[in-house]
């Protein structure tokens, strides 16, 4: 007998939907087929789509941004995630310079994540390294982490990693089989004039600063044979240039992540009455760049939200870029917004691809033996409302979408059932050691 039996659903398996039943036991998928079985709980999901639980590889819960922390902590951020069909998130450790700081950062974030409602994992995050990089990698691996985030900018806050260390990390990533995740902006091209307003954000952090840095890091990855994952690619011009110059390496040792906001909005909203609500880095780009990004969607490996949410008051109290908390929420609406734009093509970029690239065993696909992480879609049209986390606005509010997340299941338990939040005790997950990227 199963613990939970979902019957008559249209289940996403191997790239398409098929009508079938799912049996769940001890938090795992134990049966997929057309037979009808008894279970402790039987749920008829007729006329509903069942998809693999989504994995957000890029969130910032409770991130201190110089003046204030992001408003969604692990509890509220993960609550919002559940409303978006997201069952696993990857957050970041605080930036560290050496192995000892890395251990301390891990312990700190573990305590902060105790109230997380979804399964969670962390990227290591390095800044201005002053220790042995190989020791750093050893420690990272011991902690079950297979990714290290670095910044090619933010020298003013001592977060930048220089080119020589980036090359060393890429060489080590080939030797020890891990991912180097890079924030790609050319530090020298950022305009830090303290008189700039939020309306000038797109010019202060221009497209060329991203495009040129992306091409440079791709060159490093090819030279070293390292594993490079570039986060939040914002411009279609950047993605097009990568495709033109490094197509043969895409999906092999060079991976591209982008975010929903760059497909939905262009930088004209920064000139609007509430343009400050759309401030984040990298910033929104021109309409032509947005269209080019959409055109090249197939070359994006993963979708991350870069969820870093603030309240309206946090934003509107700053007219200048200096001191402005850069970041927006999006974890709750990311899938439904992109699903309307791209249909089934977006599913694996938010599930299977993420699990494979990050090295998460038993995640990202609906198949026997995998974790019973699922979400159920209702195909009705509706306008996006306010998020269910701790923040009071979303840039996606009032957008009409053609589907909604009705229920979310994590390890065989309903965390959201027909729109009612039930919550869940999330677990720390580790990467598969030694698995080839």
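The values are calculated or read from the model by the stated rules, or taken from the named source; none is laboratory data. Because the structure is predicted, anything quoted here is derived from the model rather than measured. Counting neighbours? That spans all protein chains shown, and the Cβs are built from the backbone with ideal geometry, glycine included.
So the values come out like this:
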{"read-out": "Among residues of segment 38-53, those that are surrounded by 14 or more Cβ atoms within 10 Å (Cβ to Cβ) and over 16 Å from residue 19 (Cβ atoms), counted", "value": "4"}
{"read-out": "Qualifying residue in segment 312-333 (condition: in contact (Cβ under 8 Å) with a residue 12 or more places away in the chain, buried (at least 24 other Cβ atoms within 10 Å of the Cβ) and more than 26 Å from residue 214 (Cβ to Cβ))", "value": "yes"}
{"read-out": "Of residues in segment 42-64 being out of contact with any helix residue (DSSP H, G or I) (no Cβ under 8 Å at 6 or more places or on another chain) and part of a loop (DSSP other than H, G, I, E, B), the one nearest to residue 374 (Cα to Cα)", "value": "53"}
{"read-out": "Meets criteria (without any contact (Cβ under 8 Å) to a residue 12 or more places away in the chain and either in contact with a strand residue (DSSP E or B) (Cβ under 9 Å, 6 or more places away or on another chain) or under 22 Å from residue 231 (Cα atoms) (or both)) for residue 52", "value": "no"}
{"read-out": "Those residues of segment 257-292 which are farther than 17 Å from residue 397 by Cα, touching a strand residue (DSSP E or B) at 6+ places or on another chain (Cβ under 9 Å) and not in a loop (DSSP other than H, G, I, E, B), in sequence order", "value": "257, 258"}
{"read-out": "For residue 257: the one exception among (1) under 23 Å from residue 123 (Cα atoms); (2) touching a helix residue (DSSP H, G or I) at 6+ places or on another chain (Cβ under 8 Å); (3) surrounded by 22 or more Cβ atoms within 10 Å (Cβ to Cβ)", "value": "(2)"}
{"read-out": "Long-range neighbours under 8 Å by Cβ, at least six apart or interchain, first residue within 16 Å of residue 270 (Cβ to Cβ) within segment 282-295, second assigned to a loop (DSSP other than H, G, I, E, B) and modelled with pLDDT under 95", "value": "none"}
{"read-out": "Residue within segment 15-30 that is touching a helix residue (DSSP H, G or I) at 6+ places or on another chain (Cβ under 8 Å) and either closer than 26 Å to residue 182 by Cβ or at pLDDT below 95 (or both) present", "value": "no"}
{"read-out": "Hits in segment 2-37 (condition: assigned to a loop (DSSP other than H, G, I, E, B) and either at positive phi or crowded, with 20+ Cβ neighbours inside 10 Å (or both))", "value": "14, 15, 26, 27"}
{"read-out": "Test set (1) over 20 Å from residue 285 (Cα atoms); (2) touching a helix residue (DSSP H, G or I) at 6+ places or on another chain (Cβ under 8 Å); (3) not in a loop (DSSP other than H, G, I, E, B) - residue 175 fails condition number", "value": "(2)"}
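Rundown of residues vs (1) at pLDDT below 95; (2) out of contact with any strand residue (DSSP E or B) (no Cβ under 8 Å at 6 or more places or on another chain), yes/no style:
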| residue | (1), (2) |
| --- | --- |
| 307 | no, no |
| 322 | yes, yes |
| 330 | no, no |
| 352 | no, no |
| 365 | no, no |
| 372 | no, no |
| 379 | yes, no |
| 383 | no, no |
| 387 | no, yes |
